[in-house]
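Student: Sending over a structure as structure tokens; questions will come in a sec.
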Amino acid sequence: MLLTTGQAAEELGCAITTFRRLIRAELLPGLSRRGVRIMVPLEVVQALRERAAAPLHRLKVQEVAVLRADVAKQAQPGGPWTGFSASLSTDVLRRALCGWWRCDAASIAAGGVLPVTLSGYVVAVLTGLDRWEKDDRGRHGFPDAVLAGYVADLAAPTKHLTAPQETHRKLADLLLGTRLASHSGGTIAYVSVE
């Protein structure tokens with residue numbers, strides 16, 4: 001059985017635009033077209049609906065920052081990417097996610113991990129956040145950030161664990177593909193682990 005994007009969004013309890021971000025980020029398998037409509041397999045929507053919440057209680061911190069990403073885009077052709085897409089190479093994806101945001105850089109570093117969410121699902125995990133830089137706009141970047149892992153297919157989920165350190169790979173494996181609600185007026189949100 002196939003659902004329209006509107007039906008899929010209704011099943012998940014989210015806005016159509018929120019669900020379409022997952023499609024544009026190339027995270028959902030089995031999509032097809034009926035005229036101009038994109039059709040989504042019911043089993044994909046069911047897998048997303050039944051996804052467990054991120055087990056933040058297993059982190060040894062009181063608060064964790066969350067990067068609320070948008071679909072990857074380039075400000076100009078040939079320029080750097082910002083945001084998330086499953087089709088980006090590991091290196092390009094890392095650079096697209098490691099800054100520049102208005103944030104409390106020390107709080108991000110203290111958390112030791114930065115889950116990256118798209119439409120409320122953890123699609124990537126950054127570690128190696130001990131060093132940061134500040135630009136002339138007051139935004140922070142983390143040039144040494146490590147892409148510990150990312151999701152290529154959110155329905156399964158298909159995880160790519162890319163960190164050189166085993167502890168960082170385990171952390172990514174724990175969080176990737178889970179639901180993580182965060183509320184913020186900006187790109188970075190702060191979530192209590194309790």
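The values are calculated or read from the model by the stated rules, or taken from the named source; none is laboratory data. This one's a predicted model, so the numbers in the text were calculated from it and none came from an experiment. Cβ sites come from the backbone with ideal geometry, for glycine too, and all protein chains shown count toward neighbours. Side chains included, ligands, DNA and RNA excluded: accessible areas come from the protein's heavy atoms. Shrake-Rupley method; radii C 1.70, N 1.55, O 1.52, S 1.80 Å.
Student: In terms of solvent-accessible area of protein heavy atoms at a 1.4 angstrom probe, what is the ranking of R21, R58, highest value first?
Tutor: Accessible-area ranking of R21, R58, largest first: R58, R21.
Student: Next up: Given a 1.4 Å probe, how much area per residue of the chain is accessible, in Å²?
Tutor: It amounts to 51 Å² per residue over the chain.
Student: Continuing with this model, one more query. Sorted by average packing, counted as other Cβ atoms within 10 angstrom per residue and highest first, what order do 75-84, 9-18, 91-100, 24-33 take?
Tutor: Packing proxy ranking, top to bottom: 91-100, 24-33, 9-18, 75-84.
Student: Helix-only mean residue ellipticity at 222 nm, the chain, DSSP H runs n ≥ 4 weighted -39,500 (n - 2.57), per residue, nearest 500. What is it?
Tutor: Taking each H run of at least 4 residues, the total per residue is -7000 deg cm²/dmol.
Student: With both bridge residues required to lie in the chain, what share of the DSSP beta bridges run antiparallel, to the nearest 5%?
Tutor: That works out to approximately 90 percent antiparallel.
Student: Another question, then. Please compare each pair in K134/K159; K60/K170; K73/K170 to a cut-off of 26 Å on the Cα-Cα distance and tell me which ones are over it.
Tutor: With Cα atoms farther than 26 Å apart: K134/K159; K73/K170.
Student: Run the accessible area of the chain with a 1.4 Å probe and give the carbon-and-sulfur part as a rounded percent.
Tutor: Of the solvent-accessible surface of the chain, carbon and sulfur hold 49 percent.
Student: Between A110 and E11, what is the label-point separation in nm under the 7 Å Cα-to-beta-carbon projection?
Tutor: Distance between the two pseudo-spin positions: 4.2 nm.
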